[in-house]
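Inspection log for the structure reproduced underneath, given as structure tokens.
The values are calculated or read from the model by the stated rules, or taken from the named source; none is laboratory data. All figures in this text were calculated on a predicted structure; none of them were measured in a lab. Cβ placement follows ideal geometry from the backbone for every residue including glycine, while neighbour counts extend to all protein chains displayed. With ligands, DNA and RNA removed, areas are computed over all heavy atoms of the protein, side chains included. Shrake-Rupley method; radii C 1.70, N 1.55, O 1.52, S 1.80 Å.
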Amino acid sequence: MDNSLKSKRFIANFGFRISARAAFFGLIRAVVISLFLAVAAIAQAPSPKTVLGFEPAADRTIADWSQITNYFARLDAKSDRVKVREIGRSTLGRPLIVAFISSPENIKNLDKLRRINARLADPASIKTPSELESLVKQGKTIVAVNCSIHSTEIVASQMSMNLAYGLASADDPDTKEILDNTILMLFPSSNPDGIDIVADWYRKTLDSKSEGSAPPELYHHYAGHDDNRDWFMLNLRETQTITRLFWQEWFPEIVYDIHQQGRNASRLILPPFYDPVNPRVDPSLLREVGLLGSKMAADLQAANVAGVATNSTYDTWWHGGFRSAPYYHNSIGILSEAASADLMSPVTVTEDELRKNRPVRGLTNLLESATNYPDPWRGGRWRPADIDNMERIAVRGLLGMAAKFRARYLRNFYELGRANLTPAAGEPQAFVVTAGQPNAETVARLLEILLTQGVAVYRMNDEGYFATDPSMPEHFHEIPLGSFLIYVNQPQKNNILSLFEKQVYPHRLLPNGEAEAPYDVAGWTLPLQMGVETETVWNIRDPEKFKKSLEKIDRIDAARKFLDLEPAKEPFAKLPDPLKTNPRIGLYKGFTGSMDEGWTRFVFDTFQIPYTSLSDRDFRENNLNADVVVLPADREAAIVRGLNPERYPEEYAGGITDRGVENLKKFVAGGGRLICFDDSCEMVVKNFELPLKNVLSGLKRSEFYNPGSIVRLDVDTTKPLAKGLRADTAAYFTDSSAFEVTDETKVTTIARYAAKDALLSGWMLGEKYLNGKAALVETAYGRGKIVLFAFRPQHRGQSWATFPLIFNALEK
């Protein structure tokens, strides 16, 4: 074989080997790349769209609670920046979750970082400046963001998935700074039951006349809108769970609660807030609230978002909301209120609608520029995506501040708590819940409320000698052993003072002389509402010796033991049925979503009182199979006319109708008992032609006004309805009634508003119109009885002092 042929064969064989080897390595390379891409795909945070099948906040779409929690579970599984924790169950048993979002390193060390923050919340545990600096250096700003507690304000729950995905997937410097320096506690909703109620109703009514309407039921099983009025009382399971998480475990420096307002309002309201301020909110917190709100508003302006207002509508007076309760725990509370769509359906808002919108505090004209509203929105199409966009910009602005000024927020939080350990002029030293009170379960519930919020409570194992008159600080008298003492000078000083002191709301009038309405209520003093006797301690004799006799109460069962009560089966356990008889109770439950009906159910369920809900149809068809019918505090239009049939299906519309009123009259005349709370009395007085007149009806706000305060009742304790009550009992009055009896031979008065000094806590303009007027009456009607409460004896489940009046009325 010649050399040229050998060369050709060699080249051919060599080429084949090269080609085969190249193919082999190409295959290996392809496999490696595929594996790499597969691993990358596994590690990559899933977008909401890939999980849900649609973009959250897109027009006419909605994710229910199972879809939301499934998305967060998927995000947890795929992202090392996210850790989802189930913290408890909702009122109806759905999982209540929080998503911790931070850098991978912080997520690995969550418990360590939690302990650091808990130390900052307990200043007495930090002994040296160097120890403080070490904790500040290591710690992260804890930011809690809550979405859609009011579930008809639905967009934030959808937005939460977009927000979480952005933080889990982005790698820009701003996101990295946020993740490295903060821990976000994101609550997709603190009302999971409501999310499903709204989602189910929205899907059911798409493409119908009811599309975008509110569901024909409460969007929280008991509280409806009042689920954001429970943050010091802790009646609701959701409130209890998050309160423990906040003030026993994590102690967030910043709490941001995201809400929506009416569609024809400003596009968004942010802090700084409107006046008045509560004197128990530290001034430095108010400055920080304003600073964060202004930064959020500036970011929105930079993004060309028009219609953003500050210094409007919402104030910092009231204690009891998701964002207002943190002020009393040394934390910054932020609220935003975005203009709504029709749930998840877009709306068109005209300039004329904006012009006619009712003026609110600090914002009288939505079409005029102002310092607190520099860029008016002039109408147009308004979509859920617009709300989502604003809320994400606002949250990112807040997180950016929390990251950039991390050390400042941590140090300020510590300093606020440390300052509270020092006595201040004009403040008491302690409050005492005195021993020997007959209402042991009520005392136990008050103590459980305090303990759950992280307040230190002590039992007195010896008598104490206290000065309880601030004008006589050396005049001591004995308080018996077995009493419970709450020192004021602890990190939660402002919370303790705000709950135990009587509120004195500032006298604020509009230019026309009418009362300026506060954002919520004016007074809420907890022991007064609950009927628990307390003493305010201004001085203690031999304070160091006295301290040695104290025993700290760490758990409610210890307090219950000292009160001779059985251990509770669970936190905030149900209580024994107080009724001695077994009346068949029917509670009216229409379709307007009555919060007062919900709170009445809550009281019945808490005390395990059996009842049946009576529907509109039951009244129309005379199916009132009960001994007692209870009407919650709803106005005549809501009860008799109900929902508008032009907007709602026939099965939900129309109320009890005039026929239902006639059937109710027959029920009472035939020997039934009717109990009416506050607003419902008007319908009964009118239709039953009772000899009563509400003397407050028709008065202008310049003549009489009481937006929510505690008042004194003079109770005739000789009457069976007043059994177990004190002669002077505190009741809750909120735009309520006062009766003048026009025929005293037909009406028995059980309680009157005090003849003078009726106001105990809050604000009341024109008290003279109320003094001495009837607050609780009973009258015969045929063979039956009617009991009329001019006030709400079960107000928000807080007014335990007047619960016995309800129980007595049910079985008298």
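Rounded to the nearest Å, what's the spacing between the alpha carbon centres of region 286-319 and region 329-392? Just the number, please.
The distance from the Cα centre of region 286-319 to that of region 329-392 comes to 12 Å.
Report the full-extension gain for the segment residue 659 to residue 408: residue separation times 0.36 nm, less the Cα-Cα distance, to one decimal in nm.
Gain on extension, residue 659 to residue 408, equals 83.8 nm.
Report the net charge of residues surrounding residue 761, where surrounding means a beta-carbon distance below 11 angstrom and charges are Lys +1, Arg +1, Asp -1, Glu -1.
Local net charge: +1.
Solvent-accessible area per residue for the chain at a 1.4 Å probe radius, Å²?
41 Å²
Quick check: at a probe of 1.4 Å, how many percent of the accessible area of the chain sits on carbon and sulfur atoms?
On the chain, the fraction of accessible area on carbon and sulfur atoms equals 50 percent.
Between residue 437 and residue 695, what is the FRET efficiency for a Förster distance of 41 Å, r being their Cβ-Cβ separation, to the nearest 0.05?
The computed FRET efficiency comes out at 0.75.
If you line up the long axis of helix 65-78 against the longest principal axis of the chain, both from Cα atoms, how many degrees apart are they, to the nearest 10?
40 degrees
Through the Karplus equation 6.51 cos²θ - 1.76 cosθ + 1.60, θ set to phi - 60°, convert the phi angles of region 435-442 into ³J(HN,Hα) values in whole Hz; use x for Gly and Pro.
Karplus-based 3J(HN,Hα) across region 435-442 equals 6, x, 6, x, 9, 4, 5, 5 Hz.
With unit charges on the beta carbon (Lys/Arg positive, Asp/Glu negative), name the residue among 223, 725, 45 whose Cα is farthest towards the positive pole of the charge dipole of the chain.
45
Putting +1 on Lys and Arg Cβ atoms and -1 on Asp and Glu Cβ atoms, find which of 613, 464, 379 reaches farthest to the positive end of the dipole of the chain.
379
Starting from 0.36 nm per residue, how many nanometres of slack lie between residue 77 and residue 378 once their C-alpha separation is accounted for?
103.9 nm
Counting pairs of alpha carbon atoms under 8 Å apart in space and at least six apart in sequence, what relative contact order in percent does the chain give?
Relative contact order for the chain comes out at 11 percent.
Picking from 365, 336, 747, whose Cα lies most toward the positive end of the charge dipole for the chain (charges on Cβ: Lys, Arg +1; Asp, Glu -1)?
Value: 336.
Sorted by average packing, counted as other Cβ atoms within 10 angstrom per residue and highest first, what order do 238-251, 348-361 take?
238-251, 348-361
Of the cross-linked pairs 580/665; 756/785; 295/404; 665/700; 137/176, which ones have a Cα-Cα span greater than 22 Å in the structure shown?
Cα-Cα > 22 Å for 580/665; 756/785; 665/700; rest within.
So for 697, 761, what's the accessible-area order with a 1.4 Å probe, most first?
Ranked from most to least accessible, the order is 697, 761.
Distance between Cα centroids, region 566-590 to region 756-789: provide it in whole Å.
Here the answer is 26 Å between Cα centres.
Report residue 716's accessible area, 1.4 Å probe, all protein chains in place, as a number in Å² to the nearest 10.
50 Å²
Name the long-range amide H neighbours of residue 781: under 5 Å, sequence gap of 5 or more, or other chain; modelled H, no Pro or chain starts.
Those qualifying (amide H under 5 Å, at least 5 residues apart or on another chain) are 786.
Could you check what % of the DSSP bridge pairs in the chain are antiparallel, to the nearest 5?
60 percent
Any idea how far the Cα center of region 657-711 sits from the one of region 477-539, in Å?
Region 657-711 and region 477-539 have Cα centres separated by 31 Å.
Placing unit charges on C-beta atoms (Lys and Arg positive, Asp and Glu negative, everything else neutral), compute the dipole magnitude of region 554-605 about its Cα centre in debye, rounded to 20.
Dipole magnitude for region 554-605 comes out near 180 debye.
Could you give the angle, 0 to 90 degrees to the nearest 10, between helix 595-606's Cα long axis and the longest principal axis of the Cα atoms of the chain?
Tilt relative to the chain: about 80 degrees.
Counting each DSSP H run of 4 or more residues in the chain as -39500 (n - 2.57), what helix-only mean residue ellipticity at 222 nm follows after dividing by all residues, to the nearest 500 deg cm²/dmol?
-10500 deg cm²/dmol
For the chain, what is the charge dipole size about the Cα centre, in debye to the nearest 20, if Lys and Arg each add +1 at the Cβ and Asp and Glu each add -1 at the Cβ?
2420 debye
Once volume of the Cα convex hull per residue in Å³ is worked out from the coordinates, which option in (1) 262; (2) 192; (3) 221 does it equal?
(3)
Hey, what do the phi angles of region 300-314 turn into as Karplus ³J(HN,Hα) couplings, whole Hz, using 6.51/-1.76/1.60 and θ = phi - 60°, x for Gly and Pro?
Going residue by residue, I get 5, 5, 5, 8, 6, 8, 8, x, 8, 10, 10, 6, 9, 6, 9 Hz, with x marking Gly and Pro.
By how many nm would the segment from residue 476 to residue 424 grow when fully extended, if each residue of separation counts as 0.36 nm and the alpha-carbon distance is taken off?
16.7 nm
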